[in-house]
Structure formats: structure tokens, C-alpha cells
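Student: Below you will find the structure I want to go over with you.
Every number here is computed from the coordinates shown, using simple stated rules; none is lab data. These figures come from a predicted structure and were not determined experimentally. Glycine also receives a Cβ, built like all others from the backbone with ideal geometry; neighbour counts cover every protein chain displayed.
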């Protein structure tokens, strides 16, 4: 299929379709390289500045080396994600001649950049919570690095493979599968059942979003096109482009608007996946600078300390600790891993919250916590927050005031441990934006020429992208990852079906095969890579 991609674009251009063979100019390549070098330099400068601000003395550059390799792989994933997924957003404006390919790709890259910068970060930590809690707590260990390298390398391999064959597979789907593979492999290596290595409640929530989003894209895009035909009678809207002429100004504006929205939504949702992984890398390699949010105001500390103390007393009064209770952290890890509520959970949580309150009260601010204590404090906070979340999921009945205090404590703990520095957003946005500007042709040709049997009309392009924009935006608001690829390509298929234009079954079969194979292949690949990297 890869060999036919460029000839297909040539044939399309000859018949009035867009010319996708025109290469980028020398100026564009220079700007690309300048931005690439500037992004890497910006990353290095911020890393050294953040470490320097902590006052820590650098005795070894090994952590910086490990960090640099991991960051390059993580940014490489976002770069591949850019040219793999965002090609879907520009296909409609290119094939309707609303924008030239060069302008469309650059514009989409800029919108992706803004989408990442303005994202909330909720999706980022939703992805991270799929990972085994013991690996998250040991992010700086050998197993932690093996985890990060395995899931990123496996995701990149599958994304590049499907891109080479012009298949619009999902980067989100791939990453989720890689995370599940690492979790299963980690459990098996520790002598446990593979099913115990993943937070299946969170995985099912994410799985439903990935499963339903293509159905929503197909059905809603088809219904929207039919509604447009019923209420908007302008015939030009339902015609295919003639020659290389752009559409009327109002149609062109609509299509550019929808391309903008899809690109922005893609950056806001997909960019967060890279941010979450980068934060995991930073916490593991440079805990003194990134384990805790050093920007929290010191005046907030007394309130948090008082809140944890009150909540500790309430929990211990509800369930006093038994005489021979295991270490609180072990109790909480077991509860988060299995979801089985036992009598030791509430007292273990209360003791952990008391320890956290005592530490922050003693040091007075996050910045004053010494380097050797930062990782333990962060792990206690993260584990307590995850325990509170699982208590809510398990519908544990608690007095109203205690439940309210636990929610307030969780919000404070998340503010201290779940944060994303602005420079991380900038470099992820840059990687995603630059990735948008290369390698996009193969996927664009599949979406524009190989889903339906007729040329994409203006109304079909607008319908598919409006639905994709709304679906991705809604998923972002709920903190769920969805696939731009699946939503948009299924939306195009839905409009072709509604328009009775016919569907190319061979392409749909290939898309379905990629969708079905992505999860098991990425699970197997990441699991094998994790088992290999752990031994190195």
C-alpha cells in the first residue's frame, strides 16, 4: 500500500485533486530545523535552571543522561503522533481546495501548538493512573525506566508501521495498549496474575471512550449531513470541487474553521499524553525539582496540615488500627492494586495523612523539604490520593463530613503532585506541531481518496470535522483520551454512507484490521520490551 501512496496523489492532481507531491521549500526546512534546535535548547536550559533553583549540588551527570534519552523518546512519540494523527484534520481542507497543502499543514501545526498550551492536564494524569501504582512510586528505579522506555518505544514502532502503510490507526489506542502490556508484564514478573497489573476500572473507562468514539463519529456525521441537506438548500455545498478552484468564501471559511477546531482539539487531548509521560520521567530522574509542585504558596501549608490532621482523627475514630497492622504504605498499595477494602485501609490512610501533615508542617513549605525526603513525601501524597479515589469508586460509606474532608484533602494532594510546568507544555506543543508538518501525505491520501468511492464534497468535509471537533472537545472536558484518527475517518465514512456515495470496502477492512490489531500488538510488544529492559 505504501508504494501506491504517491502515485495516487499524482493521479488525483491530474484529475483536479490536490497536488501532494510538491515538496517544502528551502526556507520551510530552515525554519523547521531552527525550531527543532530551539526546542531542544529550551528544554535543556529549563532543566538546568529548575535543578539550580533547588540548590542541589550536581555530583553526577548520569541522571541527566538518562533523562535526556527518555525525553527524546517521549518527544519523539509526540512528533510521530503529530504527523500520524493530525493529517486527518487537514485532509478535508486539502481535498476541497479550501487551503493549499503547505498552508493547511502549517496552520494545523500552529493550532495543535495552541491546543497543547491551553490544555488542562486532566487527560495526562488519567493516562498515568492506568500504570501499576508500584511502578509509579518507583519511577526513578530501573523498573521505572524500563516501563517508560518500553511503552514509548512500542507505541512509536506501531505508529510508524501503520503510517508507512497509510493506515489511520490511533496513537491513543496504541499508548493505552502499551501501558496495559507493561502492567501485565510487571505483574507476571512478580509472580502475580497478569490481570492484577492494571487498574481495570480506569482501563474500561478509557476503553469505552475509544470504542464508542468511532461509532459516534460515523452516526453523528451521517445525521449532520442529512440535517444539512434538509435545512440548507444551497446546492454548492453538496458538490465536489471542480478543478483546482477553491470553494465559495463562506464554504471555505466553514471548512477552515472546522479544520482549526479539530487541530486545536487534537492538540488539547493528544498532547496531554506526552505531558503525563514526561512528568513521570522528570519525577523519576529529578525528584528534587519535579516530585512536588514548588510553586505552591507557603501560606497554604498551615491549612493543608490542619486538614490532614482533622481527617486523620476522623478516620482513626471510625476504624482504630489493629494491634498487628502491616506498614500503612503496603496496605494502601495493596488496596489500590486490588480494590479490595479491608479493615486496615482506613487507619492506614489516616496514619499516612497524619505523616504527610506532620512533614509539611515541620518544613513550612514545599521548597524546604530536603532532597532525601522529597521522593517519600511525594509517594505518600500520590498513594493517599489514589486511595481516596478508590474509596469513592468502591462506594465506601463514610460520614458526610469525613467524605467532604477526604475530597478536600485529595484536591490539595493533587495540586502538589499532579502539575505540569509551562516549559513541558511548550516543548510537547512544539514536538506535536513540528510533527504535523512532515510525513502527513500518506494518511491524507487515505482519508481523502480511499474511504469513499467519490470525491469528498464540501458538506461531507464540514460534517465530519464538526463532529470530530465536538467529540474530542467533550472527551477532553471529561478527562478521557479519544482518537482523532478514529473519530474523523469514521465521520468521513458516515457521510459517504449517508450520501450514498459508496464505501471502499478494502480500505474499511484495512482500517478495521488496524483498529483490532492495535491493542493486542501494542500489549504484546510493550510487555516483551519491558521484560527485556528490566534485565538490562
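Student: Once you have the Cα-Cα distance between residue 509 and residue 230, take 0.36 nm times their residue separation minus that, and quote the gain in nm to one decimal. Spell out each step's value before the answer.
Tutor: Working: separation 279, 0.36 × 279 = 100.44 nm, distance 3.14 nm.
Taking 0.36 nm per residue and subtracting the Cα distance, the gain is 97.3 nm.
Student: Please compute P(r) over all alpha-carbon pairs of region 128-256, binned at 5 Å starting from zero, and give each bin as a whole-number percent.
Tutor: Taking all Cα pairs of region 128-256, the binned fractions are 2, 9, 13, 14, 13, 10, 9, 8, 6, 6, 5, 4, 1, 0 percent.
Student: Average the reciprocal distances over every distinct pair of alpha-carbons in region 375-508, invert the result, and give the Kirkwood radius in Å. Write out the running numbers ahead of the final one.
Tutor: Working: mean 1/r = 0.0525 Å⁻¹.
With all distinct Cα pairs of region 375-508 included, I get 19.0 Å.
Student: Next question. Per residue and in cubic angstrom, what volume does the convex hull of the Cα atoms of region 56-159 have?
Tutor: So the per-residue hull volume is 153 Å³.
Student: As I understand it, the value is the acute angle between the Cα axis of helix 400-417 and the longest principal axis of the Cα atoms of the chain; what does it come to in degrees, rounded to 10?
Tutor: Taking Cα atoms only, the helix is inclined about 70 degrees.
Student: For region 207-301, what does the convex hull of the Cα positions come to per residue, in cubic angstrom? Please report the intermediate quantities before stating the final value.
Tutor: Numbers: hull volume 22.0 nm³, N = 95.
Hull volume normalised by residue count: 231 Å³.
Student: Limiting things to C-alpha atoms, what are the Rg and the maximum Cα-Cα separation (Dmax) for region 341-406, in angstroms?
Tutor: Over region 341-406's Cα set, Rg and Dmax evaluate to 13.4, 38 Å.
Student: I've got another one for you. Once both labels are modelled 7 Å past Cα along the beta-carbon direction, what's the residue 40-residue 28 spacing in nm?
Tutor: Here the modelled spin labels are 2.3 nm apart.
Student: Here's another thing I want to ask about it. Once the Cα atoms of helix 142-164 and of the chain are each reduced to a long axis, what angle between those two axes, in degrees from 0 to 90 to the nearest 10, is obtained?
Tutor: 10
Student: Calculated from DSSP H runs of 4 or more alone, at -39500 (n - 2.57) each and per residue, what is the 222 nm mean residue ellipticity of the chain, nearest 500? Numbers along the way, then the final one.
Tutor: Working: 22 runs with 394 residues, N = 536.
Rounded to the nearest 500, the figure is -25000 deg cm²/dmol.
Student: Arrange 296, 280, 188 by Cβ neighbour counts within 10 Å, fewest through most, would you?
Tutor: Numbers: 296 18, 280 26, 188 15.
With the sparsest Cβ surroundings first, the list reads 188, 296, 280.
Student: If the chain between residue 203 and residue 338 were fully stretched, how many nm would it gain, using 0.36 nm times the residue separation less the Cα-Cα distance?
Tutor: Separation in residues times 0.36 nm, less the Cα-Cα distance, equals 47.2 nm.
Student: Evaluate the relative contact order of the chain (contact order divided by residue number), counting alpha-carbon pairs under 8 angstrom at least 6 apart; express in whole percent. Walk me through the numbers on the way to the answer.
Tutor: Details: 876 pairs, mean separation 178.6, N = 536.
For the chain, the relative contact order is 33 percent.
Student: Give me 173, 392, 143 sorted ascending by neighbouring Cβ count inside 10 Å, so fewest comes first. Walk me through the numbers before you get to the answer.
Tutor: Values: 173 25, 392 14, 143 19.
So the ranking, lowest neighbour count to highest, is 392, 143, 173.
Student: Still on this model: Normalised radius of gyration for region 294-417, please: alpha carbon Rg relative to 2.2 N^0.38 Å, two decimal places. If you can, show how the numbers build up before the last one.
Tutor: Values: Rg = 13.8 Å, N = 124, 2.2 N^0.38 = 13.7 Å.
Scaled against compact globular proteins, the figure is 1.00.
Student: Here is a further query. Return 204, 99 ranked ascending by Cβ neighbour count within 10 Å, so the fewest neighbours appear first. Intermediate values should be presented prior to the final figure.
Tutor: Working: 204 12, 99 22.
With the sparsest Cβ surroundings first, the list reads 204, 99.
Student: Against the 2.2 N^0.38 Å scaling, with N counting residues, where does the chain land? I'd like the Cα-based Rg ratio to two decimal places.
Tutor: Working: Rg = 24.9 Å, N = 536, 2.2 N^0.38 = 24.0 Å.
For the chain, the normalised Cα radius of gyration is 1.04.
Student: Can you give the log10 of the normalised intensity I(q)/I(0) at q = 0.15 Å⁻¹, computed with Debye over equal Cα scatterers of region 469-508?
Tutor: -0.44
Student: At a Förster radius of 22 Å, what calculated FRET efficiency corresponds to the Cβ-Cβ distance of residue 318 and residue 373, to the nearest 0.05? Spell out each step's value before the answer.
Tutor: Values: r = 29 Å, r/R0 = 1.32.
Computed FRET efficiency for residue 318 and residue 373 comes out at 0.15.
Student: Any chance you could list P(r) for region 440-536, counting all Cα-Cα pairs in 5 angstrom bins from zero, rounded to whole %?
Tutor: P(r) over region 440-536, rounded to whole percents: 2, 12, 17, 18, 16, 13, 9, 6, 4, 2, 1, 0.
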